[in-house]
Amino acid sequence: ENAMRKIKIRKGIQVNGKDPCFLTFEHVQEEWNSWFNTKKVVQEEKVVLVDQVKEPVKAIPTVSLKDLMPKQQADEYVQQKGLSLPPPPQNKPTRGNPFVTAGQKLQADERDGKNKQEQGNRGNGGIKGYHPVNPKVLFPKSNSPPRISKQFQPPGQQANKEVPVEPEEDIDPRLKSCDPELISKIELEIVDAGDPISFDDIAGLHFAKKCVNELVIWPMARPDIFTGLRTLPKGLLLFGPPGTGKTLIGKAIATQSGATFFSISASSLTSKWIGEGEKLVRTLFAVAAVKQPSVIFIDEIDSLLTQRSSTENEASRRMKTEFLVQLDGAGTKSKDIILVVGATNRPQELDEAARRRFVKRLYIPLPSAEARLDMIQRLLSKNKHDLQLSDMNYVVECTRGFSGADVRALCTEAAMGPIRTCTDIRTMDAENVRSISKEDFDDALRGVRSSVSTKDLQFYLEWNTEFGSYQIDNTTSDYN
């Protein structure tokens with residue numbers, strides 16, 4: 001029934017003119033065999049056609065001009081027409097498959113084009129885009145650039161030519177063990193800008209300037225005389241109230257002696273990497289030895305060389321130990337002219353070992369009355385004023401206990417008095433600004449006070465009496 005249903009669907013309602021209801025099994029089998037034989041014949045014909053297509057096509061023989069006519073006639077014809085015959089083809093033995101696919105042809109073309117480009121570039125002296133690289137750029141952390149072997153030939157150069165070797169820079173032996181990056185960081189701390197400062201620019205502090213001349217300036221100027229027991233000390237500690245001119249004395253030392261001035265702070269010798277702090281300290285003294293005579297000025301040295309304790313960080317302890325070793329002269333030669341000047345207003349917080357290595361400890365007191373008068377006269381000379389000498393002496397008496405920074409702040413506040421009285425500062429002429437008067441100082445004294453207490457002064461005097469190198473009487477002019 002299924003076979004009859006398929007036949008009915010395929011050929012319609014009637015099969016060979018007979019109704020499907022009267023079809024017998026013989027009719028269905030006859031119809032099925034006829035259809036199957038027809039399909040088999042068609043498939044065999046397709047196979048025959050495919051086999052014929054797969055047969056290789058025979059090459060059509062080429063017909064040349066010599067085959068169409070005799071040789072003599074062909075030569076005459078060529079001469080008349082002005083033609084030239086190509087040379088006879090050479091029969092080369094072929095290996096493998098003579099057919100070349102499209103992919104193989106593309107690869108061969110790319111390879112041939114690349115070879116032609118390289119040959120053209122070699123004629124110009126090297127591969128296009130090739131530039132000799134400086135070894136210092138590839139190896140920035142190495143102390144010396146690596147030498148290039150004479151046998152090494154960069155691409156594009158002939159084998160019989162030697163590559164020129166860059167001459168190595170002369171590096172001081174004391175810097176070979178130092179990291180170039182750390183050397184660059186230390187060199188940034190060298191102060192070579194700004195106006196030179198002399199001791200005459202510092203008001204007062206006559207005894208301190210005299211001591212600095214004897215201890216520092218003269219030994220640096222004449223090292224041939226100051227030998228033996230008169231050798232330059234390794235360390236000088238300037239302590240006293242804040243704003244008394246300790247930093248100015250350090251800069252004046254570098255200017256007067258003509259030495260290289262290193263301005264170092266605690267942040268200059270600290271690093272987030274373990275072990276780099278002591279390397280910075282070692283590099284600092286190595287660079288100072290190369291650029292000697294050198295003055296290493298460390299402001300607020302108490303934050304760098306505080307007293308060591310059991311709860312202290314290990315990295316900070318190693319850095320302090322290395323600094324003390326270098327300060328003691330173990331890392332430098334005895335003939336090196338290197339002076340470490342430390343300034344602090346909290347000398348009691350220094351480590352005992354650091355205090356011992358600062359052989360000279362000089363107290364920088366508050367400015368005397370004479371020094372305060374000199375400062376006021378220098379500061380007022382830059383602006384118009386109508387103060388007489390008696391008015392200036394009055395201001396000096398009112399500033400007893402002031403530091404040099406306090407006196408400067410007072411003069412700055414008084415100089416702003418004439419500006420505050422101007423109605424319209426944008427349209428006003430500079431010549432119409434009135435002069436600084438005594439009343440301006442009276443107004444400024446109401447807002448500017450001394451930054452140093454009496455208790456602090458007494459402490460500095462006691463510390464100087466116990467550890468100071470020079471004892472100064474309290475009745476001298478520096479304390480009036």
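Readers should treat all values here as calculations from the given coordinates under stated rules, not as data from a laboratory. Computed from a predicted model, the values in this text were never measured in an experiment. FYI the Cβ positions are ideal-geometry reconstructions off the backbone, even for glycines, and counts take in every protein chain you see.
Neighbour counts of C-beta atoms inside 10 Å place S381, S268 in the sequence S381, S268, starting with the fewest. Relative to the Cα centre, the charge distribution of the stretch 369-451, modelled as +1 at Lys and Arg Cβ and -1 at Asp and Glu Cβ, gives a dipole magnitude of about 240 debye.
Treating r as the C-beta distance of R308 and T427 and R0 as 60 Å, the FRET efficiency rounds to 0.45.
Once the Kirkwood radius over Cα pairs is known for the stretch 175-363, the Stokes-Einstein relation at 4 °C and 1.567 mPa s delivers a diffusion coefficient of 77 µm²/s.
Determine the distance separating the Cα centre of the stretch 279-353 from the Cα centre of the stretch 397-462; give it in Å without decimals. First find each Cα centre; the distance between them is then 38 Å.
Inter-label distance, I225 to R355: 3.5 nm, where each label sits 7 Å from its Cα along the C-beta direction.
From largest to smallest, the equivalent ellipsoid semi-axes obtained for the stretch 369-451 from the alpha-carbon gyration tensor read 24, 13, 10 Å.
Footprinting exposure proxy ranking of L389, L350, fewest other C-beta atoms within 10 angstrom first, gives L389, L350. Spin-label model, T101/T465: points 7 Å from Cα along the beta carbon direction are separated by 10.4 nm. The mean sequence separation of alpha-carbon pairs under 8 Å and at least six residues apart, normalised by the residue count of the stretch 383-480, gives a relative contact order of 37 percent.
With θ taken as phi - 60° and the Karplus curve 6.51 cos²θ - 1.76 cosθ + 1.60 applied, the whole-hertz 3J(HN,Hα) list for the stretch 317-326 is 5, 5, 5, 5, 4, 5, 5, 5, 5, 5 Hz, x standing for glycine and proline. Can you compute the label reach from E187? Point 7 Å from Cα along the Cβ direction, backbone N cut-off under 16 Å, restricted to the stretch 265-296. 283-292, by backbone N distance to the label point. Counting neighbouring Cβ atoms within 10 Å and putting the fewest first, the residues K185, K251 line up as K185, K251. Under a 5 Å amide H cut-off, with hydrogens placed 1.01 Å from N, L236 pairs with V340, V341, G342 among residues at least 5 apart or on other chains.
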